[in-house]
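Mind looking over this structure? Questions follow.
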Amino acid sequence: MRADRLVHLLMRLQSRPRSTVGELARELQVSSRTVHRDLDALSTAGVPVYATRGATGGVALMEGWRTQLTGLTRPELQALATVGAPGALDDLGLSGPLRTGLVKLAAALPALQQPALEHARQRLHVDASGWFTGREPLPHLGKLRDAAWQDRRVSLSYQDFDGARSRRTVDPYGLVIKADRWYLVAGTDKGPRVFRGGRIGDVRLRPQGFTRPQGFDLPVFWKDWCAKFATERPRYDVTLSCTQEGEAALRRMRPPADGERIDKAPAARGGKRKVTLDFERESIAVSQLCEFGAGVEVLAPEPLRQRLAALAASLQALYGGPGRTGPGRRPR
């Protein structure tokens, strides 16, 4: 363990010009006293590490000195072996460079560690693709990538969830891939906003550039935005009466949190449960509830009941009842 920690400490000092003992202790998850002992061990081994006092002080390596150490720990080798070329990199044209980069990295390993990398690769494979789902068409992703790389303003058309279209001029801060979906994080006159890649159309690069906000951090923004979205997204509460069969279907198709709500709902007469679930939008509720059949009855809201009733009537008219003989034909 100490050998791995010393390697980590050395790589950390080499990658950053100066660090405080407190920062090193937090990253290595050890005490400040342990960091001092490890620094003494590196110095004894001939590593030119030194410390300076004051507000701008810290621990650093002698300027210009670099280690030739390229070895990796066994867990690092195992993690490296799982890296593939996800579809997201294909979208950006970067899957080829990733593969060649991994080949170069493997070739740079010490000869004793190269068999260990292949050993791990043959025992753990990560397939990040989904089952039976196609990727969203993204004809303008290349332009968005170029604009983000070059800090170039763009104009684009956008279609929101309800189908409303608009045209906007934005500053593309960066691209994010989440669950096989691309998103553009861009500056607008109302601050940073998130646009789903599959709903973006007609992208045009503008001649003028833009200045990224000072201190803007894409991963930090995305994490905060996701947390906010989870709590502030639209709600569409539906009160349901479920038979045991309908309850089982809900548990299979809805998020685990809904299963917990069903568990807390008291059972009524006849073994049915009355529970209220959030479907986010009426259109989502209609598409999902149709699959549950008579096992799940909507009690409220009334407009949703009426919409489902009208849909059921139209299906009855289309497919008919007993005696229907085939498509477009009724018995004489």
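Any residue at all in region 162-174 that is assigned by TED's automatic domain parsing to the domain that holds Val203, at positive phi and among the acidic types (Asp, Glu)?
No - not one qualifying residue is present in region 162-174.
The rows are residues; the columns are (1) assigned to a helix (DSSP H, G or I); (2) in the same structural domain as Leu299 (by TED's automatic domain parsing); (3) at pLDDT 90 or above.
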site	(1), (2), (3)
Gln208	no, no, yes
Pro213	no, no, yes
Phe216	no, no, yes
Val220	yes, no, yes
Ala227	yes, no, yes
Ala249	yes, yes, yes
Gly270	yes, yes, no
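While we're looking at this one, here's another question. Just to verify a result, which residue in region 4-61, among those that are surrounded by 16 or more Cβ atoms within 10 Å (Cβ to Cβ) and touching a residue at least 40 places away in the same chain (Cβ under 8 Å), is nearest to Arg74 (Cα to Cα)?
Val7
Also, I was wondering about something else. With assigned to a loop (DSSP other than H, G, I, E, B), within 30 Å of Val126 (Cα to Cα) and at pLDDT below 85 as the only criterion, which of Val47, Val83 stands out?
Sole residue among the options that is assigned to a loop (DSSP other than H, G, I, E, B), within 30 Å of Val126 (Cα to Cα) and at pLDDT below 85: Val83.
Which of the following residues is in contact with an Asp or Glu (Cβ under 9 Å, 6 or more places away or on another chain) and exposed (fewer than 11 other Cβ atoms within 10 Å of the Cβ): Arg273, Arg235?
Working: Arg273 fails: exposed (fewer than 11 other Cβ atoms within 10 Å of the Cβ).
None of the others qualify; the one that does is Arg235.
From the list Arg181, Arg121, Arg168, pick out the single residue that is free of Cβ contacts under 8 Å to residues at least 60 places away in the same chain, charged (D, E, K, R) and buried (at least 16 other Cβ atoms within 10 Å of the Cβ).
Residue meeting the stated conditions: Arg121.
Just for region 184-222: of the residues that are under 14 Å from Glu136 (Cβ atoms) and touching a residue at least 40 places away in the same chain (Cβ under 8 Å), which one is surrounded by the fewest Cβ atoms within 10 Å (Cβ to Cβ)?
Once the filter is applied, the top-ranked residue is Gly201.
Going through region 229-247 one residue at a time, which ones are acidic (Asp, Glu) and part of a helix (DSSP H, G or I)?
Glu232, Glu245, Glu247
The values are calculated or read from the model by the stated rules, or taken from the named source; none is laboratory data. Everything quoted here is computed from the prediction, not taken from an experiment. Methodologically, a virtual Cβ is constructed for each residue, glycine included, from the backbone with ideal geometry; neighbour enumeration extends over all protein chains shown.
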